[in-house]
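Note sheet for the following structure.
Rule-based calculations on the coordinates, nothing more; no lab input. Please read all numbers here as calculations on a predicted model, not as lab measurements. For neighbour counting, all protein chains shown are included, and Cβ atoms are generated from backbone atoms with ideal geometry for every residue, glycine included.
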Ligand code: NCD
């Protein structure tokens, strides 16, 4: 793997290889001593221009547990706050000789641009409203394990994943639709018309405005955060009305099949898109997703940096 910029970079064989290695990495999480020498001498820089709790810390743990040196650079506290451009920031860090740049940025396409400037390998850790491929991988990993816990083979092919909420502003949904298509799952997107992405008609999904009608079909229901920080106008009348139409409320839990599971990439707006009853229920996989984040990112870093290949020649 040269970079991981989009879930579209992952074909079925690569996805399966990443998820299978993540299973092995996940076993390390259970051990008292969490260290493998696999990436000793490699350097990973987390370059986060947007806030993050779980993505940044899980990339950091993933790198450290594989013995890579990991440093974190965030916009606040770096020369970005002095007006340095993305290109100059990327070139500066790249010039130090690092092996991988894990980038989160509010501009869609920023990691792709960085990959054209840098010699290091680039991982997209969320770019604007575009993509978040490692989130889709950890979601697939979590769903696979859930299906296996029910006694199946864990295959997502033919399963129904219902994704609900602020789809317009969600990079998580875009990466999930791509990866779930690769894995053969059926995706149903549910949102009010105002939060349905433009162009969704050409996506390989079914859509609905009626959550109650769709919930009984779900093997997995994935609730997405209402991303108020990306909204410029009113996308729904009031938070209360949003919850009534599209929240996973206590009453709606009764519409789910007993073996259906609930996912949310976090951070959650409890009481808005998801009730505490749903988030904390026995069907919730939300903390499993967090745990999966470390295992999957270990696998991704290993796939990118585990070989003997050197940093690429100067792409400029
Ligand atoms: C998501 C993100 O930042 O794209 N969170 C995450 O990475 N777990 C979703 C969100 O912010 O709502």
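Annotations
- Antiparallel content of DSSP bridges confined to region 104-207, in %, to 5: 10 percent
- Counting other Cβ atoms within 10 Å as a rough exposure proxy, the listed residues 103, 93, 71, 220 run 71, 93, 220, 103 from fewest neighbours to most.
- Rounded if a/c under 1.5, otherwise prolate or oblate - region 110-262, Cα gyration tensor axes: oblate
- Judged by the mean number of other Cβ atoms found within 10 Å, the most tightly packed of the peptides 6-17, 50-61 leads the ranking 50-61, 6-17.
- Shape class of region 64-186 from the Cα gyration tensor (axes a ≥ b ≥ c, square roots of the eigenvalues): prolate, since a/c reaches 1.5 or more and a/b is larger than b/c.
- Principal-axis tilt of helix 86-95 within the chain, Cα atoms, nearest 10 degrees: 50 degrees
- Between region 18-91 and region 147-185, the alpha-carbon centres lie 25 Å apart.
- Each Cα pair under 8 Å and six or more residues apart adds its separation to the average, and for region 133-289 the resulting relative contact order is 24 percent.
- For the chain, the longest principal axis of the Cα atoms and the long axis of helix 171-182 meet at an angle of about 90 degrees.
- Scattering curve values for the chain, log₁₀ I(q)/I(0), Debye with Cα scatterers, q = 0.09, 0.10, 0.12, 0.16 Å⁻¹: -0.45, -0.55, -0.80, -1.34
- In region 183-259, one over the average inverse separation of all distinct C-alpha pairs is 13.8 Å, which is the Kirkwood hydrodynamic radius.
- Value at 222 nm in deg cm²/dmol, rounded to 500, when DSSP H runs of n ≥ 4 in the chain each add -39,500 (n - 2.57): -11000 deg cm²/dmol
- Taking Cα atoms only, the orientation of helix 12-29 departs from the longest principal axis of the chain by about 80 degrees.
- Convex hull of Cα atoms in region 11-80, direction-averaged projection (nm²): 6.2 nm²
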